[in-house]
Structures are given as structure tokens and as C-alpha cells.
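Student: What follows is a structure written as C-alpha cells; I'll ask about it next.
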Amino acid sequence: MDAAKWAVIASSLLAVGSWSGDTFAAENYQTHANLGFLDFLGGFEPPPGLYFRNDGIYFTSNSLNDRNGNPVRLHTPIGAFPVKFQTDVVADIATFYSGSPLKILGDNFATAVLVPFANKEVTLSNPLTVTAHSNVSGLGDVIIAPQLGWHLPQWNLHLTIGPAFYVPTGEYNVNDQVNNDIGHNFLTVEPQVNITYLNAGGQEVSAALAYDFNFRNPATNYTGGQEFSVNYAIAQHFKDGWTLGVAGFYYIQVAEDTRNGNVVFGVADQLAGHPDLFNNGPGNRGEVFSIGPAVSYNYHDKVHFEFKWEHEVFAVNRVRGEQFWWRVSLPLGLAGSASVTAIPAKTMPVKAARPTTAPALSTWTGFYVGVTAGAIWDRDRTRFSTADPVLARLFTPGVLPTSLSIKDAGFIGGGQIGFNYQTGAFVWGVEADFSGTNLKDSPFNSGFFLGPTSFLNTATSDKLDALGTVRGRLGYTLAPPVLLYGTGGLAFGDASASLLIITAPPLCGPTASTNPCAADSFHQWMSGWTVGGGFEYGFGGSWSVKAEYLHYDLGGVSRATPFVSGLFQVPRFLNWNTKAEGDLVRAGINYRFNWDPVVGGS
């Protein structure tokens with residue numbers, strides 16, 4: 001039996017979600033997102049039976065980053081001070097996977113239960129306080145993950161879907177001096193889509209997409225924002241049982257954290273006694289990207305071993321460190337057989353049956369409609385200036401900011417319609433799409449004004465409710481069902497922004513809420529340009545799936561807003577400029593009208 005057959009079983013357990021040593025973001029930098037658990041063959045569902053997998057993880061870091069991706073500093077009225085940080089985590093995850101003969105929607109139903117144990121050690125210190133240290137061990141949050149899977153060997157594709165439920169069973173102490181917890185004390189529901197492309201030559205591309213809905217922590221009234229993550233792997237399988245490749249993940253928080261109903265580190269939250277001491281910014285949104293080498297070996301087609309190292313290239317509002325994983329997987333018994341030789345042919349991708357004849361793709365020409373969904377983010381700045389020499393004095397000590405970073409991130413989803421025309425290997429087309437988004441951010445600055453007991457708060461917010469494009473497309477067919485394309489054209493969107501400047505104690509009027517120093521807003525449709533590219537894969541005769549990246553620029557809006565204070569004899573004007581510019585990555589599916597059959601393969 002070819003060793004690659006056993007890799008199907010051992011690696012398919014990767015698709016069910018995880019707890020890992022790298023659990024930092026959201027409240028106390030902690031998240032349930034399954035970062036690092038998936039790599040090779042993540043979209044495979046094994047045949048009915050019972051399986052066991054055990055993962056060991058070591059995570060280490062001495063870098064805790066702020067909203068700008070820089071090491072955190074403790075911000076005080078007398079200055080900002082560096083923070084020394086070190087964490088080491090050793091964890092073990094036992095996974096029990098049961099595949100049932102029960103068929104739902106044409107394939108088998110399966111369930112995985114993951115039981116994590118860990119030891120976490122954290123040390124924090126800064127020049128103003130003594131060193132704080134915490135070392136805890138215990139059970140983590142148990143994960144229950146039902147799933148369905150499909151094998152599509154004619155297109156070299158394998159797919160699993162299902163939700164993961166993170167149950168708050170882990171060790172948790174709300175009074176720990178550095179908030180060092182193994183469990184998170186809140187429930188998370190995580191829909192997952194895991195897909196693997198593996199051809200007859202052993203080349204593989206796998207991805208696991210997950211979206212986390214976090215519930216409230218009853219001990220703190222803190223609710224983590226929604227999160228989007230992608231685990232990925234690119235690999236080459238060899239017939240002697242070895243697999244070599246790279247693996248990693250990308251994670252981004254797409255909605256703000258809230259505490260007692262207020263945006264964390266927003267104006268209301270800070271006035272309620274939660275100052276933003278470490279420059280986490282309103283919403284406390286996290287982001288991280290990792291990549292590293294991975295290798296696996298199948299011993300006598302029965303036991304699967306794997307090792308990988310994932311280096312976190314950058315991190316925002318979270319710990320940045322190194323993950324080291326080692327794992328072993330083995331069957332405890334297959335339904336109807338005591339041997340893995342019972343694996344159906346459809347789960348043996350390296351030697352899967354190939355079509356002897358395949359209808360040729362006649363043309364990409366025709367109309368199509370479809371839907372898309374993905375992530376969108378904005379990395380611009382709101383800039384401030386003034387021609388008034390008196391007001392300009394507030395910029396020098398940082399009471400008024402010269403700019404505030406905008407780091408919006410959110411979900412985007414909608415539909416598209418288009419037309420393609422093929423000449424030879426080239427495909428010309430036009431596409432129009434329209435999507436809704438929840439893209440928003442609320443950057444905030446607090447500057448000490450007239451001494452350490454009074455401060456001036458500058459808060460802005462920007463929001464994009466909808467985005468549409470009308471684009472040309474130029475593509476090239478790499479293989480009969482694969483189209484690589486570039487695209488560009490017009491972009492338009494429904495954008496809004498606001499500015500609020502207040503003081504505490506109130507220096508602009510009787511109360512800060514009714515008499516701000518400055519307040520302004522706008523809400524309008526904006527237009528500009530977009531450019532990007534992607535690829536599309538045709539299957540099933542009338543269907544195609546695509547993934548694309550777009551950069552959009554809707555231009556900027558400049559405003560001159562009165563700055564009113566009893567300290568000034570006359571109103572003075574503050575200029576502020578904000579842009580609607582950003583990037584998006586999305587996947588979609590199209591239905592093509594009156595097209596000839598398209599089949600995958602090489």
C-alpha cells in the first residue's frame with residue numbers, strides 16, 4: 001500500500017479546529033481562532049472509523065506588540081516606558097475523531113473532540129513597577145467539531161465543512177496578576193470551510209477558512225470581536241512516504257471588542273476607567289501572519305509523524321513569536337475493517353483514477369452571475385493641520401495629533417455579473433459587482449493639556465457600508481479549466497467619517513458631551529479606481545470558483561472644522577483629511593450560462 005494513502009487519514013484530522021499555544025488576541029490578547037492546527041491535506045475527510053491524533057506545541061515570545069505592530073510601551077502622564085515581556089507555552093492536544101457511516105448530503109458525517117492541556121508562563125515588567133510573573137497549568141477549552149466532507153477526484157478537489165464549538169472548560173482565574181489563563185471563559189462558534197487541491201503528481205495546495213463568533217465573558221462583561229483566519233499549506237508528496245512543504249496562517253480581527261457595551265479603549269470605555277495604556281487603540285483589533293517549513297513521514301502506512309516551525313512575520317495587538325509543532329496520528333479501528341486498506345479509492349489522491357477522456361473546454365465566452373465573500377481592510381490615516389498659529393501650538397507637545405492611523409478590517413460580501421470573450425488563450429471581459437461591508441474604525445488620541453490632570457481627547461471614526469466596482473478583465477488560460485487574470489476600473493462606495501474633540505475636565509463648555517471643542521461629520525458616496533488580479537477554476541459544466549485581490553482608492557474628503565474653547569477669544573479652524581482606500585481578498589462562485597462542460601485535471 002502506498003504510504004501516501006495513510007497521509008489522507010492522518011492529515012485530514014487537521015481540518016477540525018484547534019487550541020494552540022499561540023493563544024493571544026482580543027481580551028488579554030487571547031483568541032480561540034485555530035491558528036496553526038491545519039496544514040497538509042486539510043480538506044480530506046477519512047473513511048468511517050475511529051482515529052487518534054496527538055499534537056505537541058511549544059510557543060515562545062519576548063515581543064508583545066501594539067496597534068502599530070511595535071513593541072508595547074506603557075503610556076503615562078510623565079512619559080512612555082518600554083515593557084519587558086516573555087512567555088513560554090507547552091501544550092498537548094489529544095484529538096479523537098469518529099467517522100460515521102451515516103450519510104448526509106451525499107457523504108459521511110464525522111465528529112472530532114479535541115482535549116487540550118497546557119502550561120503557560122508569563123513575565124511582565126517595566127521601570128515603574130516590580131516584575132509580575134505567573135505560571136499556570138491545566139485543562140484548556142474543549143472543542144467539539146462535527147463536519148461533512150466530499151471528495152471530487154475528477155477535479156482533484158477535497159472539501160470539508162462544519163462548525164467548531166469552543167466550550168469554556170479551561171483553567172481560568174479572573175484575578176491572575178498578568179491575566180495568564182489557559183481557558184478563556186467564553187463560548188466561541190466557528191464555521192469552517194477546508195479545501196485541498198492534490199493532483200496525480202503529488203502537488204498540493206490546502207486552505208482552511210474560519211470565521212469566529214465570540215460570546216460574552218460573564219466574569220468581565222467583555223465580548224471579543226468577530227475574527228477571520230486562513231490556515232494554508234503548499235506541499236509536495238513523495239511515494240516513499242515523505243511530504244515536504246510550507247505552512248502558516250493569516251488572522252485578522254474584523255470587529256471591535258466591547259466591554260459593558262462600549263468599544264474597548266473608545267472614548268466611553270476610557271472615561272469609564274479603562275485607559276489605553278499600551279496603545280491598543282479603539283476596538284483592540286489583532287492581526288498576525290506566519291509562515292514556515294513543514295515535513296511529514298508515514299511509517300509503514302500505519303503511523304503518521306509530522307514536524308513544523310511557523311515564524312510569525314508580523315503581529316498587531318498581540319504576541320509575536322515562534323511555534324513549533326510535532327504530532328503523531330494512528331487509526332484505532334476502521335468501520336468494517338481492522339486495516340487502513342479499507343480506505344476507498346476516492347481518498348487515495350496520489351493514485352486516484354483519472355478520466356481517460358475529458359471534454360475540452362471550448363470557450364470562456366459567455367455571461368455569468370455569482371456571489372463573493374471575503375475580508376476587507378483599510379490602512380490609511382486621518383491627517384490634521386491648521387493655518388492658525390495659536391492652535392498650531394497644540395501639535396508640538398502632541399496634545400493634538402498630526403495624524404491618526406486608520407486600521408479598518410471587516411467582512412465584505414455581495415454579488416457580481418459579467419461577460420467574457422475568448423480569443424485563443426486570451427480572455428477579455430467586463431465585470432460589475434456590488435457588496436456590503438462592516439468596515440469601520442475609531443482611532444483615538446489622548447494628549448495632556450494644561451498639566452497631567454487634564455487631557456484633550458481626539459476621536460475620529462470612519463466607515464464603509466458598501467463598495468462596488470465596474471472593471472475590465474484580461475486573462476490567460478493556464479490549463480483548460482484555469483484562468484489567470486488581471487483587472488481594473490472604476491470603484492465607488494458609501495463612506496462616512498466623524499470627528500469629536502473633547503476635554504476632561506471640560507474646557508470647551510459646561511460639559512464635554514454637550515460642548516465639545518470640535519465636532520464634524522460627513523456621509524457621502526465617493527468614487528475612484530481599483531486594480532487587482534486573481535484566478536478562476538471551472539468545474540461541473542456551468543460552475544466556476546474564483547479568488548481575487550483588489551486594491552481600491554475612493555479618494556479623500558477635506559474639512560475645516562471650528563475649534564471652540566473659552567481659552568481662545570475667537571473660534572479657530574482645524575483642518576482634517578481622511579481617505580477611503582484599502583484592500584480586499586475574496587473568494588466567489590459563478591454560474592455560467594450556455595457554456596460547454598468544463599472539467600478539471602491536468
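Student: Out of (1) open to solvent by 20 Å² or more (accessible area, probe 1.4 Å); (2) modelled with pLDDT under 85; (3) of a type in the set (A, V, I, L, M), the odd one out for I417 is which?
Tutor: The single condition I417 does not satisfy is (2).
Student: Have a look at S565, S544, S558 and point out the one that is at pLDDT below 85, assigned to a strand (DSSP E or B) and not β-branched (V, I, T).
Tutor: S544 is the lone residue from the list that is at pLDDT below 85, assigned to a strand (DSSP E or B) and not β-branched (V, I, T).
Student: Mind counting the residues in the stretch 100-155 that are in a strand (DSSP E or B), modelled with pLDDT of 75 or more and open to solvent by less than 60 Å² (accessible area, probe 1.4 Å)?
Tutor: The total comes to 28.
Student: Could you tell me which of the residues R318, R327 is at pLDDT below 90 and over 21 Å from the mean Cα position of the chain (by Cα)?
Tutor: Among R318, R327, only R327 is at pLDDT below 90 and over 21 Å from the mean Cα position of the chain (by Cα).
Student: I would also like to ask the following. Considering only the stretch 526-534, I want to know if a residue exists there that is surrounded by fewer than 19 Cβ atoms within 10 Å (Cβ to Cβ) and at pLDDT below 90.
Tutor: The answer is no, given that none of the residues of the stretch 526-534 is surrounded by fewer than 19 Cβ atoms within 10 Å (Cβ to Cβ) and at pLDDT below 90.
Student: Checking the condition modelled with pLDDT under 80 and at negative phi, which residue from T487, T469, T511, T460 passes?
Tutor: Within the list T487, T469, T511, T460, the selection yields T511.
Student: Going through the stretch 247-281 one residue at a time, which ones are touching a Pro at 6+ places or on another chain (Cβ under 6 Å) and either over 21 Å from Y211 (Cα atoms) or of a type in the set (G, A, S) (or both)?
Tutor: Selection gives F265, G266.
Student: Taking the stretch 291-307 only, how many residues are surrounded by fewer than 24 Cβ atoms within 10 Å (Cβ to Cβ) and part of a strand (DSSP E or B)?
Tutor: Here the count works out to 10.
Student: Let me spell it out: the conditions are (1) open to solvent by less than 20 Å² (accessible area, probe 1.4 Å); (2) acidic (D, E); (3) over 23 Å from E287 (Cβ atoms), and D212 meets all of them except one. Which number is the exception?
Tutor: Looking at each condition in turn, D212 falls short on (3).
Student: Tally up the residues in the stretch 211-245 that are closer than 15 Å to P168 by Cβ and either among the hydroxyl-bearing types (S, T, Y) or part of a strand (DSSP E or B) (or both), please.
Tutor: Within the stretch 211-245, residues that are closer than 15 Å to P168 by Cβ and either among the hydroxyl-bearing types (S, T, Y) or part of a strand (DSSP E or B) (or both) number 7.
Student: Given the conditions (1) modelled with pLDDT under 85; (2) open to solvent by 30 Å² or more (accessible area, probe 1.4 Å); (3) within 29 Å of the chain's Cα centre (by Cα), which single one is not true for I589?
Tutor: Every listed condition holds for I589 apart from (1).
Student: Next question, about the same structure. Kindly provide the set of residues from the stretch 220-250 that are of a type in the set (S, T, N, Q) and exposed (fewer than 15 other Cβ atoms within 10 Å of the Cβ), ordered by number.
Tutor: The answer is N221, Q236.
Student: Which pairs have Cβ atoms under 6 Å, sit 6 or more apart or on different chains, and link a residue in the stretch 471-494 that is farther than 14 Å from F419 by Cβ to one that is small (G, A, S) and not in a strand (DSSP E or B)?
Tutor: Close Cβ pairs satisfying both conditions: Y476/A425; T477/A425; P481/G600.
Student: Something else: Please go through (1) at pLDDT below 90; (2) over 10 Å from G225 (Cα atoms) for P293 and return the number of the only condition it doesn't satisfy.
Tutor: The one condition P293 does not meet is (1).
Student: Out of curiosity, is A233 aliphatic (A, V, I, L, M), touching a residue at least 60 places away in the same chain (Cβ under 8 Å) and touching a strand residue (DSSP E or B) at 6+ places or on another chain (Cβ under 7 Å)?
Tutor: Considered against the rule, which asks whether it is aliphatic (A, V, I, L, M), touching a residue at least 60 places away in the same chain (Cβ under 8 Å) and touching a strand residue (DSSP E or B) at 6+ places or on another chain (Cβ under 7 Å), A233 comes out as yes.
Student: Considering only the stretch 179-191, state which residues are of a type outside the set (D, E, K, R) and buried (at least 16 other Cβ atoms within 10 Å of the Cβ).
Tutor: N179, N180, I182, G183, H184, N185, F186, L187, T188 - these are the residues of the stretch 179-191 that are of a type outside the set (D, E, K, R) and buried (at least 16 other Cβ atoms within 10 Å of the Cβ).
Student: Additional query: Please go through the stretch 260-290 and give me each residue that is buried (at least 22 other Cβ atoms within 10 Å of the Cβ) and touching a His at 6+ places or on another chain (Cβ under 9 Å), ordered by number.
Tutor: V264, F265, S290
Student: State the number of residues belonging to the stretch 544-560 that are touching a residue at least 24 places away in the same chain (Cβ under 8 Å) and among the polar types (S, T, N, Q).
Tutor: So the count comes out to 1.
Student: What's the number of the only condition in (1) at pLDDT 80 or above; (2) touching a strand residue (DSSP E or B) at 6+ places or on another chain (Cβ under 6 Å); (3) not aromatic (F, W, Y) that I502 fails to meet?
Tutor: The single condition I502 does not satisfy is (1).
The values are calculated or read from the model by the stated rules, or taken from the named source; none is laboratory data. None of the values given here were measured: they were computed from a predicted structure. A quick note on method: Cβ atoms are made from the backbone with ideal geometry, for glycine too, and the neighbour counts reach across all protein chains shown. Quick note on the areas: whole protein, heavy atoms, side chains included, nothing else; ligands and nucleic acids left out. Shrake-Rupley method; radii C 1.70, N 1.55, O 1.52, S 1.80 Å.
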